[in-house]
Amino acid sequence: MTEKKSDLKTYAKNTWCPGCGNFAILNSVRKIFSEMDTEKLVMVSGIGCHGKIVDYVDVSSFYTIHGRVPATATGIKLANPELTVVGFAGDGDAYGEGLLHLMFAAKRNVDITVIIHNNRVYGLTTGQFTPTSPEGFKGKSTPRGSVERPFNPLLLMLDAGATFVARSYSNRMKNLRMVIEKGINHRGFSFVEILQPCYTYFNTYDYYNERVYEIDEISGREDAEKKIREWDYSSDSRIPIGIFYREERDTFEEKMLDNLIPAKRKRKVISGKLLEKIV
Amino acid sequence: MMKVVRGFYSVAYSVKQCKPDVICAYPITPQTEIVERLADMYANGELGNCEYITAESEFGAASILVGASATGARSFTATSSQGLILMSEVLLSAAGMRLPIVLVNANRSLSAPLSIWNDQQDSIFMRDACIMQLYIENNQEVHDVMPIAFKVAENRRVMLPFMVCMDGYKLTHAYEPVDLLDEQMVDKFLPPYDAPVKLSVDKPLTFGCYAPPPYYTEFRVAMQNAIMGAGDIMLKEFKKWYKITGRDWGGHVVAENPDAEVAVITMGSLTGLVRDVVSEMQKEGKNVGVVKLRTFRPFPVEDIKKALKNANKIIVFERAVSFGHEGPVAIEIKSANYESGADVYSFAVGLGGRDIPRDLIREIIDKVIEGKVEPGFQFEGVKPFEEVIP
């Protein structure tokens with residue numbers, strides 16, 4: 001195996017806009033991963049600005065097609081449950097194109113983590129409305145203002161069966177790192193939504209800075225639901241961040257595989273040198 | 001009215017003049033700005049009673065249009081690459097349901113590896129879908145073709161989706177002078193869509209119902225008859241368009257030098273460059289000519305035969321690959337022209353947006369003329385690399 005630099009930086013040039021909320025997520029993830037066994041880590045990303053995160057962290061990774069992060073991550077985890085699988089997806093990615101995959105991964109309680117970079121706008125295609133854009137959002141595809149209400153993904157995840165439901169904000173570094181770390185360490189499906197302003201197409205820094213507040217971890221589903229409902233992605237209410245819900249439940253792969261590791265039945269390892277040659 | 005506009009606007013403005021009832025799309029590069037321009041027009045109240053819907057995915061967008069079209073609405077979408085492929089399940093169904101949805105595909109390569117750049121693999125993949133496919137050389141052509149696409153798709157003898165294929169970036173993002181269509185002129189050419197069969201309380205019916213073995217085949221025969229017959233209907237509309245506008249884009253195939261012994265076949269925006277190289281070679285006394293293939297489905301067998309009747313060497317510039325076989329256009333050419341015995345040389349160039357230099361075109365044509373290359377399929381402009389078998 002090739003030796004990894006402790007900061008997990010890569011040679012890829014970062015092409016996010018200055019001020020992008022993705023930088024905070026990247027830095028948190030690098031710090032968390034650098035304290036983990038990176039040989040057993042897999043990052044899975046979708047399509048969108050967020051997707052480039054896998055280019056910037058020196059661990060094994062998988063670019064999926066649009067929206068398919070939770071499904072691909074499920075496959076990886078099932079084939080080799082010894083791996084820690086962390087998915088990264090955008091709001092257009094996981095809430096639009098691939099919402100059903102997100103819901104079924106939660107329903108199955110696969111032991112993976114899905115981190116949503118939610119900027120509430122399609123950034124890479126330069127500024128269209130998404131499933132969590134506020135009602136009346138004037139984007140390039142909705143110049144008259146969107147007539148749809150956003151849905152609340154945390155509520156959806158709670159109902160679908162996610163056993164870890166959390167939200168953070170890219171401009172609250174301590175909370176961000178805490179939430180991601182606990183999400184990754186949770187046994188079962190972890191859903192972590194990061195409110196991540198798109199500085200270029202939907203600058204929400206002031207909006208969040210005024211409204212975001214941290215909560216203590218909640219016990220009980222009813223209270224979690226109440227807290228999650230406090231902000232509906234459209235209104236001007238305060239926005240709670242932190243861990244809303246946590247539950248211990250058997251995971252999909254534990255029930256399915258009974259300690260069998262399919263990938264170990266016949267396993268070929270592609271060495272770093274060989275990989276370099278291929279690339 | 002002549003204006004310098006980008007490809008996006010050229011499509012959007014023409015679609016506006018066609019007075020669609022429902023537009024539904026999902027953003028994907030390099031198509032996005034086509035529907036954004038339509039969104040602007042919608043917001044400005046320029047689209048009349050048209051509904052403009054932003055969907056949750058291309059799959060959703062195509063499904064919404066299937067519903068809209070089934071109620072008798074003139075329906076439009078634009079997409080590209082993975083978006084088209086995601087739509088494919090729905091679009092194949094739309095063809096079977098005989099819904100005349102019109103779409104523009106901004107040609108872009110397919111994953112994996114991920115690429116946002118231009119080739120024609122996406123629309124070629126849809127070859128067998130019973131969807132008409134027309135390839136565009138420039139932004140005036142795409143502007144002129146949109147009303148024809150609606151008219152042919154909605155013809156009662158056709159009733160099938162129509163896909164206009166324009167090269168992503170090379171056309172979509174390019175500024176070109178375009179003579180923008182006059183509303184009354186388009187109104188006269190393209191009457192409002194009067195669906196012969198539609199969802200209505202007056203006469204309830206079912207779309208997409210189950211056809212067991214005793215019935216299924218006949219539906220497919222009817223589809224084949226419709227798309228094969230669409231060829232002549234297209235030609236008539238092309239001619240009518242020429243009479244109205246004075247712009248002649250030709251038929252399905254344009255043989256620019258029908259006497260040439262070496263014919264060079266291209267589709268889409270590459271034609272301009274090839275024409276330039278070929279005319280330079282003609283000045284040097286070389287007997288070479290350009291054949292511009294516009295209609296890919298239905299495949300214009302007779303027109304191709306006519307265009308190639310004097311050719312003993314046929315060069316095809318492919319921008320897609322039928323993996324496991326060869327160049328997809330060459331496959332069609334060989335099948336259409338098999339009696340002639342001409343040699344077919346098929347070259348895949350410009351995959352994933354790789355530049356197609358003028359010199360490369362020249363070099364390829366030269367080596368075919370000089371007999372330095374065997375007939376068959378090959379990739380051109382490939383860097384030397386070592387394939388590693390893990």
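The values are calculated or read from the model by the stated rules, or taken from the named source; none is laboratory data. Since this is a predicted model, take the numbers as computed values, not measurements. No Cβ is skipped: glycine too gets one built from the backbone with ideal geometry, and neighbour counts run over all protein chains shown. Quick note on the areas: whole protein, heavy atoms, side chains included, nothing else; ligands and nucleic acids left out. Shrake-Rupley method; radii C 1.70, N 1.55, O 1.52, S 1.80 Å.
State whether the residues of the stretch B:238-247 include one that is farther than 15 Å from B:VAL316 by Cα, part of a loop (DSSP other than H, G, I, E, B) and touching a helix residue (DSSP H, G or I) at 6+ places or on another chain (Cβ under 9 Å). Within the stretch B:238-247, one or more residues are farther than 15 Å from B:VAL316 by Cα, part of a loop (DSSP other than H, G, I, E, B) and touching a helix residue (DSSP H, G or I) at 6+ places or on another chain (Cβ under 9 Å). Does B:VAL316 satisfy the condition of being assigned to a strand (DSSP E or B), modelled with pLDDT of 95 or more and closer than 15 Å to B:GLU332 by Cβ? When the stated conditions are applied, B:VAL316 passes them.
Residues in the stretch B:67-84 that are surrounded by 20 or more Cβ atoms within 10 Å (Cβ to Cβ) and assigned to a helix (DSSP H, G or I): B:ALA68, B:SER69, B:ALA70, B:SER81, B:GLN82, B:GLY83, B:LEU84. Are any residues in the stretch B:267-289 assigned to a loop (DSSP other than H, G, I, E, B) and charged (D, E, K, R), and if so, which ones? Result: B:GLU284, B:LYS286.
The residue of the stretch A:182-237 that is farthest from A:GLU148 (Cα to Cα), among those that are among the acidic types (Asp, Glu) and touching a Ser or Thr at 6+ places or on another chain (Cβ under 8 Å), is A:GLU193. Here B:SER322 passes the criteria (1) polar (S, T, N, Q); (2) touching an Asp or Glu at 6+ places or on another chain (Cβ under 9 Å); (3) in contact (Cβ under 8 Å) with a residue 40 or more places away in the chain except the one numbered (2). The set of residues in the stretch B:16-54 being within 20 Å of B:VAL186 (Cβ to Cβ) and of a type in the set (Ser, Thr, Tyr) consists of B:TYR42, B:TYR52. Across the stretch A:15-29, the number of residues qualifying as surrounded by fewer than 19 Cβ atoms within 10 Å (Cβ to Cβ) and out of contact with any Phe, Trp or Tyr (no Cβ under 6 Å at 6 or more places or on another chain) comes to 4. Checking every residue in the stretch B:42-56 against the condition of being in a helix (DSSP H, G or I), more than 25 Å from B:ARG156 (Cα to Cα) and β-branched (Val, Ile, Thr) gives zero matches.
A:SER146: within 14 Å of chain B (Cβ to nearest Cβ), touching a Phe, Trp or Tyr at 6+ places or on another chain (Cβ under 6 Å) and either assigned to a helix (DSSP H, G or I) or within 23 Å of A:ILE239 (Cα to Cα) (or both), yes or no?
Spelling it out, A:SER146 is indeed within 14 Å of chain B (Cβ to nearest Cβ), touching a Phe, Trp or Tyr at 6+ places or on another chain (Cβ under 6 Å) and either assigned to a helix (DSSP H, G or I) or within 23 Å of A:ILE239 (Cα to Cα) (or both).
Consider the stretch B:20-36 and keep the residues that are open to solvent by 30 Å² or more (accessible area, probe 1.4 Å) and not in a helix (DSSP H, G or I). The one that is farthest from the other protein chains (Cβ to nearest Cβ) is B:ASP21. Please work out if B:LYS292 is more than 20 Å from the chain's Cα centre (by Cα) and not in a loop (DSSP other than H, G, I, E, B). No: the conditions fail for B:LYS292.
Would you confirm whether any residue within the stretch B:270-279 is acidic (Asp, Glu) and open to solvent by 90 Å² or more (accessible area, probe 1.4 Å)? No, the stretch B:270-279 contains no residue that is acidic (Asp, Glu) and open to solvent by 90 Å² or more (accessible area, probe 1.4 Å).
Looking at this structure, is B:LEU91 assigned to a helix (DSSP H, G or I) and within 14 Å of another protein chain (Cβ to nearest Cβ)? The answer is no for B:LEU91.
If the condition is being buried (at least 23 other Cβ atoms within 10 Å of the Cβ), within 20 Å of A:GLY21 (Cβ to Cβ) and small (Gly, Ala, Ser), then the stretch A:101-143 contributes A:GLY123, A:SER133, A:GLY139.
The criterion of at least 3 residues that are among the hydrophobic types (A, V, I, L, M, F, W, C) is met, among strands (runs of 3 or more DSSP E) falling completely within the stretch A:1-95, by A:41-45, A:84-90. Being under 17 Å from B:LEU235 (Cα atoms), in contact with a strand residue (DSSP E or B) (Cβ under 7 Å, 6 or more places away or on another chain), at pLDDT 95 or above and open to solvent by less than 10 Å² (accessible area, probe 1.4 Å) is a property that B:VAL158 lacks. Out of B:TYR215, B:TYR193, which single residue is without any contact (Cβ under 8 Å) to a residue 40 or more places away in the chain and among the hydroxyl-bearing types (Ser, Thr, Tyr)? After ruling out the rest, the residue left standing is B:TYR215.
Here B:ASP179 meets the list (1) open to solvent by less than 40 Å² (accessible area, probe 1.4 Å); (2) under 19 Å from B:VAL145 (Cβ atoms) almost entirely, failing just condition (1).
When A:PHE62, A:PHE104 are checked against the criterion of being more than 14 Å from chain B (Cβ to nearest Cβ) and among the hydrophobic types (A, V, I, L, M, F, W, C), a single residue qualifies: A:PHE104. Can you find even one residue in the stretch A:166-173 that is hydroxyl-bearing (Ser, Thr, Tyr) and within 14 Å of another protein chain (Cβ to nearest Cβ)? No, there is no match, as no residue in the stretch A:166-173 is hydroxyl-bearing (Ser, Thr, Tyr) and within 14 Å of another protein chain (Cβ to nearest Cβ).
Of all residue pairs spaced 6 or more apart or on separate chains, those with beta-carbon atoms under 6 Å, a first member in the stretch B:365-390 that is within 14 Å of another protein chain (Cβ to nearest Cβ) and farther than 17 Å from B:GLY327 by Cβ and a second member that is surrounded by 10 or more Cβ atoms within 10 Å (Cβ to Cβ) and charged (D, E, K, R) are B:VAL388/A:LYS277. Applying the criterion of being assigned to a helix (DSSP H, G or I) and of a type in the set (Lys, Arg) to the residues of the stretch B:184-237, the residue that is nearest to B:GLY72 (Cα to Cα) is B:LYS188.
So, in the stretch A:65-79, exactly how many residues are crowded, with 22+ Cβ neighbours inside 10 Å, out of contact with any strand residue (DSSP E or B) (no Cβ under 8 Å at 6 or more places or on another chain) and more than 14 Å from chain B (Cβ to nearest Cβ)? Residues in the stretch A:65-79 being crowded, with 22+ Cβ neighbours inside 10 Å, out of contact with any strand residue (DSSP E or B) (no Cβ under 8 Å at 6 or more places or on another chain) and more than 14 Å from chain B (Cβ to nearest Cβ): 1 in total. Taken over the stretch A:81-100, the residue count meeting the criterion of being in contact (Cβ under 8 Å) with a residue 60 or more places away in the chain and either open to solvent by 10 Å² or more (accessible area, probe 1.4 Å) or within 10 Å of another protein chain (Cβ to nearest Cβ) (or both) is 3.
Can you run down the residue pairs with Cβ atoms below 7 Å, 6 or more apart or on separate chains, where the first is in the stretch B:134-163 and at positive phi and the partner is modelled with pLDDT of 95 or more? Partner pairs satisfying both residue conditions: B:MET159/B:ARG98; B:MET159/B:PRO100; B:MET159/B:ALA226.
Filtering the stretch B:37-66 to residues that are surrounded by fewer than 24 Cβ atoms within 10 Å (Cβ to Cβ), of a type in the set (D, E, K, R) and either within 19 Å of B:ALA106 (Cα to Cα) or at the interface with chain A (Cβ under 9 Å from one of its Cβ atoms) (or both) leaves B:ARG37, B:ASP40, B:GLU56.
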